[in-house]
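Notes follow the structure.
The values are calculated or read from the model by the stated rules, or taken from the named source; none is laboratory data. Just so you know, these numbers come straight off a predicted model, no measurement behind them. For accessibility, only protein heavy atoms count, side chains too; no ligands or nucleic acids. Shrake-Rupley method; radii C 1.70, N 1.55, O 1.52, S 1.80 Å.
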Amino acid sequence: MIPRLTLLPFLAPFFCGSLFLCGSMFATLRADETKNSADKDAKTSSSVEAEPVYTPKSKSELRRTLNRMQYDVTQNEATEPAFRNKYWDNKKEGTYRCIVCEQELFDSETKFKSGTGWPSFYQPKSEKVVGFRNDWRLIYTRVEVHCSRCGAHLGHVFDDGPEPTGKRYCMNSASLDFVEASKKAADKDAKKD
(Lines give C-alpha, C1' and ligand atoms only; values in the text may rest on other atoms or scores of the structure.)
Protein backbone atom coordinates (compact mmCIF):
# COMPACT_ATOMS: atom_id res chain seq x y z
CA MET A 1 0.00 0.00 0.00
CA ILE A 2 1.28 3.46 -0.96
CA PRO A 3 1.01 6.14 1.73
CA ARG A 4 -1.30 9.00 0.74
CA LEU A 5 1.32 11.69 1.30
CA THR A 6 3.64 10.18 -1.30
CA LEU A 7 0.94 10.53 -4.01
CA LEU A 8 0.61 14.29 -3.53
CA PRO A 9 3.92 15.27 -5.20
CA PHE A 10 3.12 12.90 -8.07
CA LEU A 11 -0.40 14.33 -8.65
CA ALA A 12 0.42 18.00 -7.99
CA PRO A 13 1.63 18.85 -11.54
CA PHE A 14 -1.42 17.15 -13.07
CA PHE A 15 -3.82 18.90 -10.68
CA CYS A 16 -2.20 22.35 -11.12
CA GLY A 17 -2.09 21.93 -14.90
CA SER A 18 -5.79 21.06 -14.92
CA LEU A 19 -6.63 24.09 -12.82
CA PHE A 20 -4.61 26.33 -15.13
CA LEU A 21 -6.30 24.91 -18.22
CA CYS A 22 -9.79 25.24 -16.71
CA GLY A 23 -9.04 28.73 -15.46
CA SER A 24 -7.82 29.92 -18.84
CA MET A 25 -10.82 28.36 -20.60
CA PHE A 26 -13.17 30.09 -18.13
CA ALA A 27 -11.38 33.42 -18.62
CA THR A 28 -11.68 33.09 -22.42
CA LEU A 29 -15.39 32.23 -22.21
CA ARG A 30 -16.00 35.08 -19.77
CA ALA A 31 -14.18 37.56 -22.05
CA ASP A 32 -16.28 36.45 -25.05
CA GLU A 33 -19.46 36.74 -22.97
CA THR A 34 -18.51 40.24 -21.80
CA LYS A 35 -17.69 41.31 -25.38
CA ASN A 36 -21.01 39.95 -26.70
CA SER A 37 -22.88 41.68 -23.87
CA ALA A 38 -21.12 44.99 -24.59
CA ASP A 39 -21.94 44.68 -28.32
CA LYS A 40 -25.60 43.96 -27.51
CA ASP A 41 -25.75 46.92 -25.09
CA ALA A 42 -24.21 49.23 -27.71
CA LYS A 43 -26.79 48.16 -30.32
CA THR A 44 -29.65 48.56 -27.85
CA SER A 45 -28.55 51.96 -26.57
CA SER A 46 -28.08 53.38 -30.06
CA SER A 47 -31.56 52.34 -31.22
CA VAL A 48 -33.48 53.33 -28.06
CA GLU A 49 -33.69 56.73 -26.42
CA ALA A 50 -31.57 57.01 -23.30
CA GLU A 51 -33.72 56.72 -20.20
CA PRO A 52 -33.03 59.26 -17.47
CA VAL A 53 -31.36 57.89 -14.36
CA TYR A 54 -33.84 57.25 -11.57
CA THR A 55 -33.02 58.71 -8.14
CA PRO A 56 -35.01 56.99 -5.36
CA LYS A 57 -37.12 59.23 -3.15
CA SER A 58 -36.64 59.26 0.61
CA LYS A 59 -39.41 58.02 2.91
CA SER A 60 -40.22 61.62 3.89
CA GLU A 61 -40.46 62.66 0.20
CA LEU A 62 -42.79 59.73 -0.47
CA ARG A 63 -45.00 60.70 2.50
CA ARG A 64 -45.26 64.24 1.07
CA THR A 65 -46.01 63.20 -2.52
CA LEU A 66 -48.27 60.15 -1.99
CA ASN A 67 -51.59 60.03 -0.19
CA ARG A 68 -52.01 57.67 2.75
CA MET A 69 -53.42 54.76 0.71
CA GLN A 70 -50.74 55.09 -1.99
CA TYR A 71 -48.00 55.12 0.64
CA ASP A 72 -49.43 52.13 2.54
CA VAL A 73 -49.85 50.07 -0.63
CA THR A 74 -46.51 50.86 -2.27
CA GLN A 75 -44.30 50.98 0.83
CA ASN A 76 -46.05 48.69 3.36
CA GLU A 77 -47.57 46.17 0.91
CA ALA A 78 -51.14 46.97 1.95
CA THR A 79 -54.17 46.19 -0.24
CA GLU A 80 -56.84 48.73 -1.14
CA PRO A 81 -60.55 47.83 -0.98
CA ALA A 82 -62.02 46.00 -3.98
CA PHE A 83 -64.50 47.90 -6.17
CA ARG A 84 -63.71 51.13 -4.27
CA ASN A 85 -60.56 52.15 -6.08
CA LYS A 86 -59.73 54.45 -8.95
CA TYR A 87 -59.02 52.15 -11.93
CA TRP A 88 -60.92 48.89 -11.38
CA ASP A 89 -63.51 49.90 -14.00
CA ASN A 90 -61.40 52.24 -16.17
CA LYS A 91 -62.07 51.57 -19.87
CA LYS A 92 -60.01 54.42 -21.38
CA GLU A 93 -57.02 53.79 -23.65
CA GLY A 94 -53.62 54.60 -22.26
CA THR A 95 -50.73 53.49 -20.10
CA TYR A 96 -50.55 52.64 -16.40
CA ARG A 97 -47.37 53.87 -14.71
CA CYS A 98 -45.85 53.33 -11.28
CA ILE A 99 -47.15 56.04 -8.93
CA VAL A 100 -43.72 56.30 -7.25
CA CYS A 101 -41.22 56.44 -10.15
CA GLU A 102 -43.45 56.85 -13.25
CA GLN A 103 -42.07 53.75 -14.99
CA GLU A 104 -44.55 52.47 -17.59
CA LEU A 105 -45.94 49.14 -16.38
CA PHE A 106 -49.13 48.12 -18.23
CA ASP A 107 -51.06 49.01 -21.39
CA SER A 108 -54.83 49.38 -21.39
CA GLU A 109 -54.85 46.84 -24.28
CA THR A 110 -53.89 44.09 -21.81
CA LYS A 111 -56.47 45.10 -19.17
CA PHE A 112 -59.45 42.81 -18.76
CA LYS A 113 -62.56 42.51 -16.60
CA SER A 114 -61.67 39.96 -13.92
CA GLY A 115 -64.61 40.53 -11.58
CA THR A 116 -62.21 40.94 -8.63
CA GLY A 117 -62.69 44.68 -8.11
CA TRP A 118 -59.06 45.55 -8.88
CA PRO A 119 -57.50 46.50 -12.22
CA SER A 120 -56.29 43.28 -13.85
CA PHE A 121 -53.92 42.78 -16.78
CA TYR A 122 -52.74 39.65 -18.57
CA GLN A 123 -49.18 40.94 -19.09
CA PRO A 124 -46.91 43.89 -18.26
CA LYS A 125 -45.44 46.15 -20.97
CA SER A 126 -42.20 44.17 -20.61
CA GLU A 127 -40.96 41.45 -18.27
CA LYS A 128 -38.20 43.90 -17.25
CA VAL A 129 -40.56 46.46 -15.69
CA VAL A 130 -41.84 44.20 -12.89
CA GLY A 131 -40.22 41.96 -10.31
CA PHE A 132 -41.61 39.06 -8.32
CA ARG A 133 -41.23 37.51 -4.88
CA ASN A 134 -43.18 34.96 -2.85
CA ASP A 135 -45.67 36.29 -0.32
CA TRP A 136 -46.57 33.94 2.56
CA ARG A 137 -48.83 36.33 4.52
CA LEU A 138 -51.99 34.31 3.87
CA ILE A 139 -52.71 30.60 4.29
CA TYR A 140 -51.43 29.97 0.75
CA THR A 141 -48.42 31.31 -1.11
CA ARG A 142 -49.00 34.18 -3.52
CA VAL A 143 -46.58 35.85 -5.92
CA GLU A 144 -46.13 39.54 -5.21
CA VAL A 145 -45.47 41.95 -8.08
CA HIS A 146 -43.35 45.04 -7.56
CA CYS A 147 -41.90 47.79 -9.74
CA SER A 148 -38.44 46.77 -10.96
CA ARG A 149 -37.14 50.35 -10.79
CA CYS A 150 -38.23 51.58 -7.34
CA GLY A 151 -39.45 48.40 -5.61
CA ALA A 152 -42.99 49.73 -5.00
CA HIS A 153 -45.54 47.02 -4.20
CA LEU A 154 -48.06 46.79 -7.04
CA GLY A 155 -50.18 43.73 -6.29
CA HIS A 156 -50.06 39.99 -7.04
CA VAL A 157 -50.02 37.71 -10.07
CA PHE A 158 -52.17 34.57 -10.39
CA ASP A 159 -52.40 31.74 -12.92
CA ASP A 160 -56.11 32.20 -13.70
CA GLY A 161 -55.97 34.90 -16.40
CA PRO A 162 -57.03 34.85 -20.04
CA GLU A 163 -55.02 33.83 -23.09
CA PRO A 164 -52.39 34.44 -24.37
CA THR A 165 -50.51 34.32 -21.04
CA GLY A 166 -52.97 32.69 -18.63
CA LYS A 167 -51.81 35.24 -16.00
CA ARG A 168 -53.84 37.74 -14.00
CA TYR A 169 -51.80 40.67 -12.75
CA CYS A 170 -54.15 41.91 -10.03
CA MET A 171 -52.90 45.43 -9.25
CA ASN A 172 -53.78 48.07 -6.69
CA SER A 173 -55.03 51.31 -8.26
CA ALA A 174 -53.19 53.15 -5.50
CA SER A 175 -49.86 51.98 -6.94
CA LEU A 176 -50.72 53.12 -10.47
CA ASP A 177 -51.00 56.39 -12.36
CA PHE A 178 -53.01 56.30 -15.60
CA VAL A 179 -51.94 58.41 -18.58
CA GLU A 180 -54.61 58.61 -21.26
CA ALA A 181 -53.39 57.87 -24.81
CA SER A 182 -54.42 61.30 -26.19
CA LYS A 183 -52.60 63.09 -23.34
CA LYS A 184 -49.50 60.95 -23.85
CA ALA A 185 -49.40 61.89 -27.57
CA ALA A 186 -49.76 65.58 -26.71
CA ASP A 187 -46.92 65.32 -24.15
CA LYS A 188 -44.63 63.71 -26.78
CA ASP A 189 -45.38 66.50 -29.27
CA ALA A 190 -44.64 69.13 -26.62
CA LYS A 191 -41.25 67.52 -25.87
CA LYS A 192 -40.26 67.62 -29.58
CA ASP A 193 -40.76 71.40 -29.74
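Accessible surface for Asp177 stands near 40 Å², nearest 10, in the context of the full protein assembly shown (1.4 Å probe).
At a probe radius of 1.4 angstrom, the accessible area of segment 45-165 per residue rounds to 63 square angstrom. Taking all protein chains together and rolling a 1.4 Å probe, Phe132 ends up with roughly 90 Å² accessible.
Near the amide H of Leu154, within less than 5 Å, lie the amide hydrogens of Val145, His146, Cys147, all on another chain or at least 5 residues away, with H placed in the peptide plane. Across Ser120, Ser58, the residue with the most accessible area heads the list, and the full order at a 1.4 Å probe is Ser58, Ser120.
Under 5 Å from the amide H of Leu105 lie the amide H atoms of Tyr96, Arg97, Cys98, each residue being 5 or more positions distant or on a separate chain, with H modelled from the backbone and absent for Pro and chain starts. Of the cross-linked pairs Lys59/Lys113; Lys57/Lys111; Lys57/Lys113, those separated by over 31 Å at the C-alpha level are Lys59/Lys113; Lys57/Lys113. With all protein chains in place and ligands, DNA and RNA left out, the 1.4 Å accessible area ranks His153, His146 as His146, His153, largest first. Sorting Val130, Val53, Val143 on solvent-accessible area from highest to lowest, probe radius 1.4 Å, gives Val53, Val143, Val130. Database remark: amide H of Tyr87 closer than 5 angstrom to the amide H of Ser173 (H placed geometrically; neighbours at sequence offset of 5 or more, or on other chains; Pro and chain starts carry no H).
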